[in-house]
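Presented below is the structure to which this report refers.
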Amino acid sequence: MAGRINDEDVRAVREAIPVDAVVSEYLQLRPGGGGNLKGLCPFHDEKSPSFYVSPAKGLFHCFGCQEGGDIIAFVMKVDHLSFAEAVERLAAQAGVTLRYEEGGYGRASQQGERTRLVEAHKAAAQYYAEQLDSPEAQIGRVFLAERGFEQEAARHFGVGYAPAGWDHLTRFLRGRGFTDRELVLSGLSQDGRRGPIDRFRGRLMWPIRDITGEVVGFGARKLRDDDNGPKYLNTPETPIYRKSQVLYGIDLAKKDIAKEGRAVVVEGYTDVMACHLAGVTTAIATSGTAFGEGHIKILRRLLMDNSRTEVIFTFDGDAAGQKAALRAFEDDQKFAARTSIAISPGGMDPCELRLSKGDAAVRELVDGRSRLFEFALRQVVDQHDLDSAEGRSAALEAAAPIVARIKDGSLQHEYAVRLAGLLGILDTQFVVRRVGQLARWKRENGRGGPPGAGPARGAASAGPPTPAAPRISGPPLHLRRPGQLVERELLKVALQYPELVSPVFDAYGADEFTAEPYAVVRTTIEAAGGTEAAGPDFLSRVMDAAPDDTVRKLVTELAVESLRCPGGGEPDEAYAGQQLVAVRLAAVRSRSAEIEGTARRLDAQGASEQSAPLWQELWVLQRYATALRERGAAAL
């Protein structure tokens, strides 16, 4: 789409259609005095009309919410369109040919092509809907009935049936004057050996509409066992269909989404139907792709994105559903709206839930949602042994970056306090400060954690690395820092001579590596089975376990970099032990300093009962540090 619309043509569009003719399509108007019309405002809830339309001036204004403007502004707001989209839609309705800045009528052919493709889809949708009543479509009607959808529901959503023959739709649309080129370009047909054939055959059909209600594609569900195609087959990318930019059901849900300030994202066409029929009329779904950036933009525009609005994701309770929920969490901060999650009981999707327990159960599922941040936190925390200090420490280091991502400062503090409770850490302020430290670093540097992040919390890490808070990036490495230099050396030994550090190295937590990239490598080694399971394919397994190319590159670097052995010789157990002791000793010192500071603060507050266990832990750590200095690797 190129070029700005000619100003004269914009004026022609404004003058071509009376504003009251457009507004009356959305609400009932009655005389309001002085030549004006009035009605209930479509942009906010009200009991008495404060929305006025002036046909003579071509303007509207609401004295309640202060919305106002001309016919273009009305269409933009009521149908959530951009300026250009609103002008083009009105121009098509008025028969005005638009010119663009490049000159002439360069867009005319494109607009004509789009119109033809939309018309072909409209005709196809009508054809499929009529075919649902045919004897051949009995299998489709049974499919719908088994899922609780009667004929009226099918008509409401425009569900249809594609005959099993090779070219039924193709021949039908040819009879309507569409060319073979248009049919293939639209995605309704595909090239066969003797010409175009139907893309969809013997399947149940859902029309996919854009936000203005125009059919731009289809989703087709397999019905027969002898159909060798995928379970769901969608329209391919076409000039009017981009799966990353359409949401199934958006045409039906948009007004209620805008009105309620809430959108419910489900996973399939039947889930959308079930939700709407159960009274959750803000439900929408993606079409053959994961929820992504383009879908976020649509919802933000509909929601007038702010902290008072909400996006609710629904997922099955199984492992795949929880994994999908964590992927959705990665997009959370792209919304100003609150993001929540509703996980259906027993792994049922909304369609199954409605069929099993009724409409009320679907509404209760949505109403019982929880914040997506809390879900992600629990997923991370539950992977650790909270009965041990080491497990609690590892859980804190995994979960704190999640809380640090929350943009709202008061909400971030609330979740930091909640995290302390989840972990059973008495020093709530320590958790709050840790989250604040990570948040400040993220704001200032756009990275995952501050220099020196991940102070030691004990001798071992509990639980596998979590995908919800991947430690993939971090601050730059400072090889002149003694601490980071020895961490690098220990990882080099572990990768090049794993037998020299096994099995002690495997007991080290990722939080004992203060440099974030090194913590990732430590986690990756663990994911590959650890040094104790090292064999001829050890490095290959570590490379395969790396979360991305950046980590793989660092692993390669560490695996080939020369060690800093005295005299340039080969490392031995003594040299490996020195690296193990140095990293552990630094971790113990860091933890001791934290505990001492907390204990002193508690003593100053008169909370000696709370500080006593900390002083005991500090005494144990100090004795451990002395043993490390005096006995070296034997004390590990």
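Observations on the structure shown:
- In region 161-191, the residues that are in a strand (DSSP E or B) and within 20 Å of residue 226 (Cα to Cα): 161, 162
- Taking the listed residues 532, 487, 499, 512, the one that is among the acidic types (Asp, Glu), under 13 Å from residue 575 (Cα atoms) and not assigned by TED's automatic domain parsing to the domain that holds residue 396 is 499, with no other qualifying.
- Test: residue in region 223-233 that is assigned by TED's automatic domain parsing to the domain that holds residue 138 and buried (at least 17 other Cβ atoms within 10 Å of the Cβ): yes
- Here residue 257 does not fit the description of being at pLDDT below 90, under 21 Å from residue 170 (Cα atoms) and of a type in the set (A, V, I, L, M, F, W, C).
- Search result, residues across region 56-72 that are within 12 Å of residue 42 (Cα to Cα) and in a strand (DSSP E or B): 60, 61, 62, 68
- Every residue from region 262-288 that is among the polar types (S, T, N, Q) and under 15 Å from residue 313 (Cβ atoms): 282, 286
- Residue in region 508-518 that is of a type in the set (Gly, Ala, Ser), part of a helix (DSSP H, G or I), more than 19 Å from residue 547 (Cα to Cα) and modelled with pLDDT under 90 present: no
- Region 553-575, subset closer than 10 Å to residue 492 by Cβ and surrounded by 18 or more Cβ atoms within 10 Å (Cβ to Cβ), residue nearest to the chain's Cα centre (by Cα): 558
- Scanning region 362-382 for residues that are in contact (Cβ under 8 Å) with a residue 24 or more places away in the chain, part of a helix (DSSP H, G or I) and either among the basic types (Lys, Arg) or surrounded by fewer than 20 Cβ atoms within 10 Å (Cβ to Cβ) (or both) gives 363, 374, 378.
- Considering (1) within 17 Å of residue 89 (Cβ to Cβ); (2) surrounded by 18 or more Cβ atoms within 10 Å (Cβ to Cβ), the lone condition that residue 37 does not fulfil carries the number (1).
- Residue satisfying all of: in region 398-439; of a type outside the set (A, V, I, L, M, F, W, C) and not in a helix (DSSP H, G or I); nearest to residue 595 (Cα to Cα) among these: 427
- Some residue of region 98-109 being buried (at least 19 other Cβ atoms within 10 Å of the Cβ), within 34 Å of the chain's Cα centre (by Cα), modelled with pLDDT of 80 or more and closer than 20 Å to residue 240 by Cβ: no
- Filtering region 576-593 to residues that are surrounded by fewer than 19 Cβ atoms within 10 Å (Cβ to Cβ) and among the charged types (D, E, K, R) leaves only 589.
- Candidates 204, 188, 173: the one that is over 33 Å from the mean Cα position of the chain (by Cα) and buried (at least 21 other Cβ atoms within 10 Å of the Cβ) is 173.
The values are calculated or read from the model by the stated rules, or taken from the named source; none is laboratory data. Owing to the predicted nature of the structure, the values given are computational and were not obtained by experimental measurement. Ideal geometry is used to build each Cβ from the backbone, glycine not excepted, and the neighbour counts take in all protein chains shown.
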